[in-house]
Amino acid sequence: MKFQKLLNSGESETLEFKEKFDDRTVESAVAFANAKGGMILRGVSGAGQKEEK
């Protein structure tokens, strides 16, 4: 799936946006591992906008 399509689709049960790698990111990864799996996009705000560095 293309990156822009993922951004446009928004967060879901299997897709989360995280601005940085922190404890909340680890919690999401563990939750995905214990469920159906999923994808975490780091460097993306909750609004789905890629963070500029």
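Observations
- Per residue accessible area in Å² of the chain, where ligands, DNA and RNA are left out and the probe is 1.4 Å: 78
- For the chain, a simple Cβ point-charge model (Lys and Arg +1, Asp and Glu -1, everything else neutral) yields a dipole of about 280 debye relative to the Cα centre.
- Share of carbon and sulfur in the accessible heavy-atom surface of the chain [1.4 Å probe, %]: 49
- With Cα atoms, 0 to 90° folded angle of helix 23-34 axis to the chain main axis: 60
- Overall size of the chain from C-alpha positions, given as principal axis extents largest first: 30, 23, 14 Å.
The values are calculated or read from the model by the stated rules, or taken from the named source; none is laboratory data. What you see is a predicted model, and the numbers here were worked out from it, not measured in a lab. Please note: Cβ atoms are built from the backbone with ideal geometry, for glycine as well, and neighbour counts cover all protein chains shown. Remember, those area values only see protein heavy atoms, side chains included, never the ligands or the DNA or RNA. Shrake-Rupley method; radii C 1.70, N 1.55, O 1.52, S 1.80 Å.
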